[in-house]
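One structure below.
Any read-out appearing in this document is the output of simple, stated calculations on the displayed coordinates, not a laboratory observation. Worth saying up front: this structure is predicted, and the values here are computed from it rather than measured. Here the Cβ positions follow ideal geometry from the backbone for every residue, glycine too, while neighbour counts run over all protein chains shown.
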Amino acid sequence: MKPNEYWEHNSASSDQKFYAALCILASACSDYAVGTALRLRKKLNWACTVLYYSLVHAARLTCFVETGDFPTGHKELGDLFSQGSLTVRSSWVNRRLRPLDNRVEPIRDFCMVGLSPENRNQWGQILTKARKLRDDANYEGLLISHEYSHEKVTECFERLAKTLKTASEQQIPKAVEVFKTFIGESPRRDYWYAFLNWERGHNGIWGISDSIPVGEGLYYLEASLRHRGASKKVIAKVLYWLDTLRREPDLDVRLAKEVHDNIVMSVFALKSRLFDEFETKIDSFYRSCRGQIDA
């Protein structure tokens with residue numbers, strides 16, 4: 001079956017697609033916030049890298065909600081938006097979802113029809129140019145080592161970071177609109193809006209006291225931005241972009257809880273496997289470095 005046939009075959013899998021899309025959107029917003037903070041602290045090459053990734057996540061979200069998949073290669077992602085259709089070598093479903101369910105066929109021939117050609121092509125140009133500049137800013141030692149107080153390179157880094165920040169500020173709101181349209185066209189929209197606006201949903205988890213609610217959905221995203229040290233100004237800007245997703249808090253907790261029940265690790269096998277693999281890889285890396293770390 002095609003990815004979207006998998007994601008839409010029952011309510012639980014639909015909720016899981018919604019949650020995956022929300023996480024991609026949250027990643028775009030978080031990278032924008034962190035990249036902006038790094039730019040203000042003059043960590044320019046890393047600011048450029050993180051702001052570039054905010055663009056990547058915004059593009060991946062747009063592709064994911066339309067197709068249920070996205071190309072994993074950064075070049076392929078930019079080419080898809082530039083050209084409108086593309087045959088790719090590897091997709092997210094092939095790497096993450098298919099090992100769990102062999103019925104799902106990864107997309108090889110992507111076709112983006114949800115955006116106007118003009119808008120799609122603009123995204124493609126931004127992604128392609130930003131990717132090449134990210135490579136220079138993050139891999140070229142002759143550039144990175146001259147980031148500080150250089151008559152030419154410092155100004156170039158500052159201009160690149162500022163331009164990437166501006167591009168993120170243009171593209172993330174568009175991604176939010178794509179996400180909102182995705183929600184609005186689903187029969188699960190009332191459930192998803194309830195989850196997004198579940199203010200008291202995330203209590204008692206990770207040892208957090210019930211007296212300090214973190215919330216789910218938009219409330220969890222806001223708390224995570226504060227945790228990352230984003231400024232009040234940046235958090236306010238991100239929340240402004242997300243404002244069209246706001247509804248009355250805790251309007252229907254029953255619906256929100258149903259979504260939550262469908263995305264917990266015990267039910268959402270993809271999430272559980274990804275988290276477990278991440279932990280296993282870190283454990284292996286720690287063991288290989290243990291002598292140096294303990295020293």
> What ratio of Cα Rg to 2.2 N^0.38 Å holds for the stretch 34-139?
Replying inline: 1.16
> Where does the charge balance sit around Glu158 when Lys and Arg score +1, Asp and Glu -1, over other residues with C-beta under 15 Å from its C-beta?
Replying inline: +4
> For a label point 7 angstrom out from the Cα of Asp109 toward its Cβ, which stretches of the stretch 60-74 have the backbone nitrogen within less than 18 Å?
Replying inline: 67-71
>> What does the charge count around Ile235 come to, taking other residues whose C-beta lies under 10 Å from its C-beta (Lys +1, Arg +1, Asp -1, Glu -1)?
In response: +4
> Tell me, what is the percent relative contact order of the chain, built from C-alpha pairs under 8 Å that lie six or more residues apart?
Replying inline: 21
> Taking the Cα centre of the stretch 1-59 as the origin and placing charges on Cβ (Lys, Arg +1; Asp, Glu -1), which of Leu55, Gln16, Leu44 is farthest toward the positive end of the dipole?
Replying inline: Leu44
> Quick one: Cα centre-to-centre distance for the stretch 104-154 and the stretch 223-250, in angstrom?
Replying inline: 26
> Taking 0.36 nm per residue of separation and subtracting the Cα-Cα distance, what length does fully extending Ser85 through Glu118 add?
Replying inline: 10.5 nm
> Rounded if a/c is under 1.5, else prolate if a/b is larger than b/c, else oblate: which is the stretch 17-92, with a ≥ b ≥ c the root eigenvalues of its Cα gyration tensor?
Replying inline: oblate
> Between Glu248 and Thr163, what length in nm is gained on full extension when 0.36 nm per residue of separation is reduced by their alpha carbon distance?
Replying inline: 27.0 nm
>> Using a 10 Å cut-off around each Cβ, can you sort Ile235, Ile107 from fewest to most neighbouring Cβ atoms?
In response: Ile235, Ile107
> When a footprinting reagent is the concern and you count Cβ atoms within 10 Å, what order do Tyr220, Tyr6 take, fewest first?
Replying inline: Tyr220, Tyr6
> Which Cα, out of Phe157, Phe81, Trp7, lies furthest along the positive dipole direction of the chain (beta carbon charges, K/R +1, D/E -1)?
Replying inline: Phe157
>> Classify the chain from the C-alpha gyration tensor, please: rounded if a/c falls under 1.5, else prolate or oblate depending on whether a/b exceeds b/c.
In response: rounded
> Cα to Cα, under 24 Å, and not fewer than 8 places away if on the same chain: which lysines meet these conditions relative to Lys2?
Replying inline: Lys17, Lys75, Lys180, Lys271
>> Could you tell me the calculated FRET efficiency between Glu5 and Ala236, based on Cβ-Cβ distance and R0 = 41 angstrom, to the nearest 0.05?
In response: 0.55
